[in-house]
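First up is the structure itself, then whatever we jot down about it.
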Amino acid sequence: MANDTSKPSSNKQSIDNLKTSGFERRMSIAKTSLNIGRRWAGNSVSGMFLNKEARTARNQAFMEAQANYLASELGKLKGSVVKIGQMLAIYGEHILPPEITRALQTLNDDTATLSWPTIELTLRELLGEKLNELDVDPTPIGTASLAQVHRATVIATGEQVVLKIQYPGVADAINSDLALFKQLLKVSNIVPQTRSLDAWFEEIRDLLHHEVDYEAEAMTTERFYDRLSHDPRYVVPKINRTYSKKRLLCMSYEPGITVVSEALQLLPHERRNAIGQAAIEVMMKEIFVWGEMQTDPNFGNYLVRVSDSDDGIDKLVLLDFGAIREFDNHLLTIAHGLLKAGYRHDHQAMKLAMRGYDFFDSMSEKVRSDIASLFLLATEPFSDPATNLNIPADCLDKNNRYIWANSKLHSRLSSAATRAMQSFEFNLPPKEFMFISRKFIGAYTFLTVLDAYTDSNKLVKPYL
């Protein structure tokens, strides 16, 4: 969640409390379920006399409307219901209709703020008399589905900090929210109830319980702070333990501009290249050195601190270490083999690298070959241009650096993946690969927005 330097919106709605009691949330979701169920029945009856083509078009439009209504109602609840919807939008492409995915992608963290008296009461309950040591700005600088961020000053030292304050009751509502969300999908008949869906709900449950544990997030943030403190290209907030609790995180205020800000686009191209290279390098270290990854590729989790001088170093500010996933050595060995094969653009090596992982081993030879081709395409930006003659000519500059904005890689991958899925006995990919894949898609988007050029040799050779 960004502690951006921009001013918070003054016209944002403020509310005095959240519907965090099980009864309130059940009533709200039950009403949504009832309305969707009623509409679904009405649509089925009124479409009985249409021909097949007209009925298909009508059902698609109806599904779109239902999905948007679902997202709209969920957005009013805040808390983990919103987060569940967002996670399903991110990781559910393989199990949800596209209309649902698109609608859930509209769920926005930046909704109504919790009023200052309620936040102050929460802080008083968490900190007691220690709250008197802080001068807290009552206007939040950021809101999310699970928490709200306020700037503060430590009165004795003048230290500028931010307080990430978890909304009261959201942690206790996670399990019931998940049950309600599953029931809503079941009643609305929007999504087929499968074991894959059950497995994803269990994964989301684990992720959410981890994300509301700010003691765990504090430790993770400190690990990343130690890892990157000697590299001038990165800034990680420093945790202030004096004012941190299980439901409250206090850390240094780290200003910066957003990834999509115009000021960033106006930087000289080589400086943007350096920022892009730094962003992708830290992702490589997460997978191949540290074995744990920040799995939320949201732009709000990054800021850029632009240097005042032309020859200074622009810094990437890394925020929000709540959605961290650890990977075991077996998976990391597989991933390392896939990267090595991708760098050399070697189809046979890619197939060999896939061995030893149940998901790939259960595939037929034809399917494994198709997936290997898909992985070769996915690793195009990390391949050696001297070996990979399939890189489009307009995707390399004169120094053989990869031009992300010209690559259209996401759309090329999407169409290749769709073809591959149609050709075989497709099962939902392992969660770990979904996380890594989503992180790479986030990186593709980030580097495309920056219009950065990156050097695959510098990125990959250290890990070969």
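Is it true that some residue in the range 317-333 is among the polar types (S, T, N, Q) and in contact with a Ser or Thr (Cβ under 7 Å, 6 or more places away or on another chain)? The answer is no, given that none of the residues of the range 317-333 is among the polar types (S, T, N, Q) and in contact with a Ser or Thr (Cβ under 7 Å, 6 or more places away or on another chain). Looking across the range 439-464 at every residue that is not polar (S, T, N, Q) and not in a helix (DSSP H, G or I), the one that is surrounded by the fewest Cβ atoms within 10 Å (Cβ to Cβ) is identified as L464.
Filtered by the rule that a residue be in contact (Cβ under 8 Å) with a residue 40 or more places away in the chain and polar (S, T, N, Q), the range 295-336 gives T295, N298, N301.
Does L389 meet the test of being farther than 24 Å from I287 by Cβ and modelled with pLDDT of 90 or more? Criteria met by L389. Count of the range 268-292 residues, restricted to those that are within 20 Å of W404 (Cα to Cα), over 18 Å from the mean Cα position of the chain (by Cα) and of a type in the set (A, V, I, L, M), is 3.
Only one of the listed residues (I334, I287) is β-branched (V, I, T) and over 24 Å from M219 (Cα atoms). That residue is I334. Apart from one condition, D198 fits all of (1) modelled with pLDDT of 80 or more; (2) farther than 21 Å from G256 by Cα; (3) not in a strand (DSSP E or B); the exception is (1).
Taken over the range 253-301, the residue count meeting the criterion of being among the charged types (D, E, K, R), more than 29 Å from N329 (Cβ to Cβ) and in contact with a strand residue (DSSP E or B) (Cβ under 7 Å, 6 or more places away or on another chain) is 1.
Which members of the range 204-242 meet the condition of being among the aliphatic types (A, V, I, L, M), outside any helix (DSSP H, G or I) and touching a Lys or Arg at 6+ places or on another chain (Cβ under 7 Å)?
V235
The values are calculated or read from the model by the stated rules, or taken from the named source; none is laboratory data. Because the structure is a prediction, the values reported are computed rather than measured. Reconstructed Cβ throughout: ideal geometry from the backbone, glycine too, with neighbour counts over all protein chains shown.
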